[in-house]
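Here is the structure we will look at.
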Amino acid sequence: MSQPVPPNQPQQPYGGQPSEGNPYAAQQPAPSAPTGNPYGAQQTPPGAPTGNPFAGEQQPGQFGGGAPFAPAPPARNNLGLGILTAVGTAIVAAVLYGVLAGSIEREVGYAAVGVGFLIGFAAAKVGGSSPVVIGASAVFAIGAVYLGQLVGMSMILSDASGLSFSEVFFDHFGDVTKIWKEEADFMTYLFLALGPIAAFGGARKAD
């Protein structure tokens, strides 16, 4: 004889706890479902750069974080330009020396030294400290002092004769040189010697 089938029992909700009312009130969220902000706990992958990826970049042209190498200045060895500079400086210095000597009607030793120094310094500054440039500076220094003395004497003769400076210096240049030889003394030749000596000093100072 068959047994009577008991009536269906109410199913229990998940977790084994009875629920009243809404049968889904006690359901727990699935374990795999994300909660909260899904990006809040993201970790940086290993090896990925952090912060500003350009913060540590070096500037172009730098090696090891230092400044770029500056090119070395070119060597000054232009003999021709140095000699031309000595010629031009000698002409200008001779005129200035002559105007000074003619204005005060006497020669000044410091002026002769300045003439030679200026020629040697300018020539060596442009053409370098080559013996050729220094030797040319010394020769042109002698010529500049001599020409300056002639310019000064021509100015004095121009005032005494009433002629213009150009007439005395260019039209009677032979007479001017003759008077210079007659009037030359120890100091005149000393000033001529001071010119090349000062030119050597000026060339050494330009290095």
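Laboratory data are not the source of any read-out in this text; all were calculated from the coordinates shown. Keep in mind the model is a prediction, meaning the values are calculated, not measured. Note: ideal-geometry Cβ built from the backbone for every residue, glycine included; neighbour counts use all protein chains shown.
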task = With r as the distance between the Cβ atoms of Leu81 and Asp159 and R0 = 45 Å, compute the FRET efficiency 1/(1 + (r/R0)^6) and round to 0.05.
result = 0.70
remark   = For the Lys205, Glu183 Cβ pair and Förster radius 35 Å, calculated FRET efficiency rounded to 0.05 is 0.60
task = Pull out the extension gain between Val132 and Asp171, defined as 0.36 nm times the separation in residues minus the alpha carbon to alpha carbon distance; nm, one decimal.
result = 10.5 nm
query = How far apart, in nm, are two points set 7 Å out from the Cα along the Cα-to-Cβ line at Ala193 and at Val108?
reply = 2.3 nm
ask   = Could you name the lysines in cross-link range of Lys205, using Cα to Cα under 16 Å and dropping any fewer than eight places away on the same chain?
value = Lys125
